[in-house]
Amino acid sequence: MKLLIVDDNPINQKFLTFSLKRHFEIETANNGLEAVNTLDANDFDIVLMDLSMPIMDGAEATKRIRQSMHFRNKHIPIIFVTTNDFEHERIRCMENGGDDYLIKPVDIEELRTSIDYHLRQKHDLMFNTQLGN
C-alpha cells in the first residue's frame, strides 16, 4: 500500500512517516502543487493532506486532484491532517473532495481507523465499478 504525505513541515512528515511506515510505502510532498504532480505521475492508495501550505494549499490541491484526467485520482481517499480547527475550513476541504478532516496533533489510532475505513470504501467502490453496479 502506498501513502502520500503532503505537508510543508518536515517534523510533521517525519512523525507521520515514523508512525505509519510499518503499514505503508510512504512518499512525501512539500505542498499542494507537488502533490498534484506526484499523483499525476504515480499510483497511491491514500493521501494525508495538510491544509495550510505555500504555493498551493491542501483544499486547492484536493480540488485539482479530483478534477484530474486520471480515474485513480478521482477516487483516491484524501484525509486532511491539519492544525486548522475552523468549521469553514473543514467545510471548504470537504466540498473540494476531502474524505475526512482530523486536527493535529492527530491521534495515530484515530488516523489508522480513518485510513482503514476509507481504504475499505475505495475498495468497495472499485469492486462495484468493475462489476458494473
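Given the pairs K2/K74; K74/K104; K2/K122, which span a C-alpha to C-alpha distance of over 21 angstrom in this model? Display every interim value, and only then the final one.
Values: K2/K74 16 Å; K74/K104 26 Å; K2/K122 14 Å.
Long pairs (Cα-Cα over 21 Å): K74/K104.
Return one quarter of the surface area of the convex hull spanned by the alpha-carbon atoms of the chain, equal to its mean projected area, in nm².
The orientation-averaged projected area of the Cα hull of the chain comes to 7.7 nm².
Express the Stokes-Einstein translational diffusion coefficient of segment 63-114 in µm² s⁻¹, to the nearest whole number, given a Kirkwood radius over alpha-carbon pairs, 20 °C and a viscosity of 1.002 mPa s.
On the way: Rh = 11.8 Å.
The Stokes-Einstein estimate is 182 µm²/s.
Below 12 angstrom from the Cβ of N42, what's the summed charge of the other residues (Lys, Arg +1; Asp, Glu -1)? Don't skip to the end; give the middle numbers.
On the way: positive: K2, R72; negative: E25, E27, E34, D40, D43, D45.
Overall, the nearby charge balance is -4.
For V81, V6, V47, which order do you get if you count the other beta carbons within 10 Å of each Cβ and list the fewest first? Don't skip to the answer; put the middle values down first.
Numbers: V81 25, V6 31, V47 28.
Lowest to highest Cβ neighbour count: V81, V47, V6.
Ignoring everything except DSSP H segments at least 4 long, calculate the 222 nm mean residue ellipticity for the chain; use -39,500 (n - 2.57) per segment, divide by total residues, nearest 500. Let's see the in-between values first.
Numbers: 6 runs with 68 residues, N = 133.
For the chain, the value works out to -15500 deg cm²/dmol.
Only Cα pairs under 8 Å and at least 6 apart count here; give the relative contact order of segment 2-131 as a rounded whole percent. Please list the in-between numbers first.
Values: 203 pairs, mean separation 27.2, N = 130.
Averaging sequence separation for qualifying contacts and normalising by length gives 21 percent for segment 2-131.
None of the figures in this text is laboratory data; all of them are computed from the coordinates on show. Remember, it's a predicted structure, so these values are computed and weren't measured experimentally. Positions of Cβ are backbone-derived with ideal geometry, glycine not excepted, and every protein chain shown enters the neighbour counts.
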